[in-house]
Amino acid sequence: MKKKALIAALLAAPCLAWADSAVQYNVVSLDASASRQIDNDTAQATLFVELTDTDSSKLADKINQTIAAAQKTLKQFPSVQSAGTAYSSYPVYNNKNNQLQSWRSRGELRLTSKDFSALSQLIAQLQKPQPSGVALQLADIRYEVSEQSRKVAEDALIEEAIKAFRQRANVIQRTMGGQAWKTMQMNIQTQANYPQPRPVMYKSAVMAAEAAPAPAPVDAGESRLVVNVNGSIQVGE
């Protein structure tokens, strides 16, 4: 009996496989998308101080003092937040004899804010000589859509993209002469195309200290958010 049951099961397997493949008829792949231009509501700025000295310890102290003073000034602007600091150092060798000549170090302070006016004023202050006698320089400013605003916009775009997907599915159904359709698979992808960071032509530390910095210009611009929906449907006859 067991052998007969096994043989019956083996004979039935191709039939089941055929039945599974039969449901794949009239399956059509399609895609749809929705996009929108969104005002950038967040700015990120990077300021730095870069110096050279033969004494690596003195060099580190001077840069750290400059960054610490900048962080103290930052506290006067509650609507501007610190996005972190960075420090790097490397040796400078003499080209003739390949002997260690000095050290060059760089300290960075990254800022972020939705208050563009306050950020611009803070940047102008930090570009003035700090108590260490050194002024920070502006490396770049980038603008983007905040996470909260992006999620709100993406939710609306997802609805639009799925609606467009369904409209295309209806067109395919009518064109194929089908009575109805059902979703077999659906994938949703979101992407944001942010403008490239704007580099700033910076001056030497001496020139920066002598110049009277004006508030950094603000031109936040827009970012393009896109939601893509792709998948497949099965059209019923």
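The values are calculated or read from the model by the stated rules, or taken from the named source; none is laboratory data. It should be emphasised that the depicted structure is a prediction, and the values quoted were computed from it without experimental measurement. Because the Cβ atoms are built from the backbone with ideal geometry, glycine has one as well, and the counts that use them run over all protein chains shown.
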Report yes if Ser105 is without any contact (Cβ under 8 Å) to a residue 40 or more places away in the chain and within 20 Å of Gln130 (Cβ to Cβ), otherwise no. no
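Every residue, every condition in (1) at pLDDT 95 or above; (2) aromatic (Phe, Trp, Tyr); (3) under 23 Å from Ser113 (Cβ atoms), yes or no:
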{"position": "Leu138", "(1), (2), (3)": "yes, no, yes"}
{"position": "Val152", "(1), (2), (3)": "yes, no, yes"}
{"position": "Lys163", "(1), (2), (3)": "yes, no, no"}
{"position": "Ala169", "(1), (2), (3)": "yes, no, no"}
{"position": "Ile172", "(1), (2), (3)": "yes, no, no"}
{"position": "Gly177", "(1), (2), (3)": "no, no, no"}
So, Gln81, is that one farther than 30 Å from Val28 by Cα, in contact with a strand residue (DSSP E or B) (Cβ under 6 Å, 6 or more places away or on another chain) and at pLDDT below 95 or not? no
Answer yes or no as to whether Leu51 is surrounded by 15 or more Cβ atoms within 10 Å (Cβ to Cβ), not in a strand (DSSP E or B) and not small (Gly, Ala, Ser). no
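Every residue in segment 121-179 that is assigned to a helix (DSSP H, G or I) and more than 32 Å from the chain's Cα centre (by Cα), please.
Step one: filter segment 121-179 for residues assigned to a helix (DSSP H, G or I), giving 121-126, 147-176.
Scanning segment 121-179 gives Ala169, Asn170, Val171, Ile172, Gln173, Arg174, Thr175, Met176.
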Out of segment 77-102, which residues are assigned to a loop (DSSP other than H, G, I, E, B) and in contact (Cβ under 8 Å) with a residue 24 or more places away in the chain? Phe77, Ser79
